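K.L.:
Below is a structure I'd like to ask you about.
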């Protein structure tokens, strides 16, 4: 499946993929949130955030005390370390804007290096619809 089609699939099915860990999941392409995001960020960070494949937000199912969390999601058929690096950087922009934000990568499969890096950097990994590293990603986002 091409990356564009994969992005559309993850956007359309965000609730079913993330339903086990998030309630009321919504997904957008970044420009749809420009009115909310642009005033909160330096121009360079905002422009980088616009290149994010998807932004998602929802409420952690098991931690309702937290409120809403954001995910900066990079989508690729084969997730690699570059995807993880971009997700981590772009989630940092969301944190700078004042949100609780988690980096996330999504795809059909991942390289071993990407899995190791995602686990180490606190990035959520969604592979073929299954979620991994949720607790770690949430804990690191809350500690940031």
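Just so it is clear, none of the values below were taken in a lab; they were calculated from the coordinates. These numbers come from a predicted model, not from an experiment. FYI the Cβ positions are ideal-geometry reconstructions off the backbone, even for glycines, and counts take in every protein chain you see.
K.L.:
Of all the residues that make up region 84-105, how many are surrounded by 18 or more Cβ atoms within 10 Å (Cβ to Cβ) and either out of contact with any strand residue (DSSP E or B) (no Cβ under 8 Å at 6 or more places or on another chain) or more than 23 Å from residue 143 (Cβ to Cβ) (or both)?
P.N.:
1
K.L.:
Moving on. Looking at region 1-41, which of its residues are under 20 Å from residue 85 (Cα atoms) and surrounded by 11 or more Cβ atoms within 10 Å (Cβ to Cβ)?
P.N.:
Selection gives 3, 6, 7, 10, 29, 30, 41.
K.L.:
Separate question: Between a residue in region 127-144 that is at positive phi and without any contact (Cβ under 8 Å) to a residue 40 or more places away in the chain and any residue that is surrounded by 14 or more Cβ atoms within 10 Å (Cβ to Cβ) and assigned to a helix (DSSP H, G or I), which pairs come within a Cβ distance under 7 Å, given they are 6 or more apart or on different chains?
P.N.:
Final answer for the pair search is 133/118; 133/119.
K.L.:
Checking residue 62 against (1) more than 12 Å from residue 137 (Cα to Cα); (2) in contact (Cβ under 8 Å) with a residue 40 or more places away in the chain; (3) part of a helix (DSSP H, G or I), only one condition comes out false. Which one?
P.N.:
Only one criterion is unmet by residue 62, namely (3).
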